[in-house]
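Structure, as structure tokens:
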Amino acid sequence: MSEVKLAASVRTEFGKGAARKIRRSAQVPAVLYGHGSDPIHLTLPGHETVMALRTPNVLLSLDIEGKGTELAIPKAAQRDPLKGFLEHVDLLLVKRGEKVTVEVPVVAEGELAAGGNLLEHVLNTLSVEAEATHLPESVTVSVEGLEAGASVLAQDITLPKGITLVTEGDAVVLQVLAAQAEEPAAEAAEGEAEGAEA
């Protein structure tokens with residue numbers, strides 16, 4: 001997994017007004033917490049942070065002004081519901097070798113069996129435990145040749161070495177649905193004609 005370096009400065013002003021001022025200067029307010037320490041309020045560079053968060057479970061190396069370097073993973077990111085810009089980021093402090101639990105996106109690959117079947121993602125992510133510096137960006141599941149009625153359980157998914165499943169093993173992740181047969185147009189027309197006569 002990739003490690004992204006970000007320069008961070010410690011915030012001393014708080015509240016909505018201070019947060020707006022930070023965002024106007026193309027930066028993002030953030031809070032770093034974990035390991036029983038007091039939360040550290042930070043300001044991160046806006047564009048670099050947005051780019052880093054495009055990678056699920058990215059490992060951030062934060063060069064915090066006056067405090068040295070800390071490793072963190074994103075736990076939550078709030079975005080503006082209309083414009084989509086990053087409003088705030090919660091970061092979890094991690095150490096090399098430490099195990100953490102994260103949500104990992106499930107990616108399906110391959111072609112379903114012929115017949116117009118549909119693939120339903122019952123779960124879009126799996127909860128897994130992994131070493132903080134080796135978090136997977138996603139897990140891939142082959143759906144090649146699966147027929148209608150088939151399903152893939154969490155325990156059926158092969159995880160990379162060193163990754164432990166936290167999601168219940170019998171949880172359905174993917175299932176194949178039969179295509180819904182449409183009513184023939186001729187029968188529908190007859191039904192409408194009978195209704196019109198009555």
(request) Work through the residues other than Lys95 whose Cβ is under 14 Å from its Cβ and net out their charges, Lys, Arg +1 and Asp, Glu -1. (result) -2
(request) Kindly list the residues of segment 52-67 that lie in the label zone of His134, defined by a backbone N under 17 Å from the point 7 Å along the Cα-to-C-beta vector. (result) 58-59
(request) Using a 1.4 angstrom probe on the protein heavy atoms only, line up Asp63, Asp80 by accessible area, largest first. (result) Asp63, Asp80
(message) At a 10 angstrom cut-off on C-beta neighbours, averaged per residue, how do the peptides 43-52, 162-171 rank from highest to lowest?
(response) 43-52, 162-171
(request) Compute the acute angle (0 to 90°) between the alpha-carbon long axis of helix 185-197 and the principal axis of greatest extent of the alpha-carbon atoms of the chain; round to the nearest 10°. (result) 70
(request) Please give, to one decimal in nm, the separation of the simple spin-label points placed at Ser142 and Ser127, each 7 Å out from Cα toward the Cβ. (result) 3.0
(request) Report, by chain and number, residues whose modeled amide H sits under 5 Å from the one on Leu112, excluding near sequence neighbours (fewer than 5 apart, same chain). (result) Gly145
(message) Ignoring ligands, DNA and RNA, please state the percent of accessible area on segment 59-102 from carbon and sulfur, probe 1.4 Å.
(response) 50
(message) What translational diffusion coefficient, to the nearest whole µm²/s, does segment 83-157 have by Stokes-Einstein, given a Kirkwood radius computed over alpha-carbon pairs, a temperature of 20 °C and 1.002 mPa s viscosity?
(response) 142
(message) Over the chain, with a Gaussian network built from C-alpha contacts below 10 Å, which listed residue (Thr125, Thr55, Thr12) shows the highest mean-square fluctuation?
(response) Thr12
(request) Please report how far the C-alpha centroid of segment 100-179 lies from that of segment 10-48, rounded to the nearest whole angstrom. (result) 35
(request) Taking the Cβ of Glu131 as the centre, find all other residues whose Cβ is under 11 Å away and add up their charges (Lys, Arg: +1; Asp, Glu: -1). (result) +2
(request) Round to the nearest 0.05 the FRET efficiency obtained for Leu118 and Met51 when R0 = 41 Å and r is the Cβ-Cβ distance. (result) 0.75
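The values are calculated or read from the model by the stated rules, or taken from the named source; none is laboratory data. None of these values were measured; they are calculated from a predicted model. Virtual Cβ from ideal backbone geometry, glycine too; neighbours counted across all protein chains shown. Please note that ligands, DNA and RNA were not included when accessible areas were found on the heavy atoms of the full protein model with its side chains. Shrake-Rupley method; radii C 1.70, N 1.55, O 1.52, S 1.80 Å.
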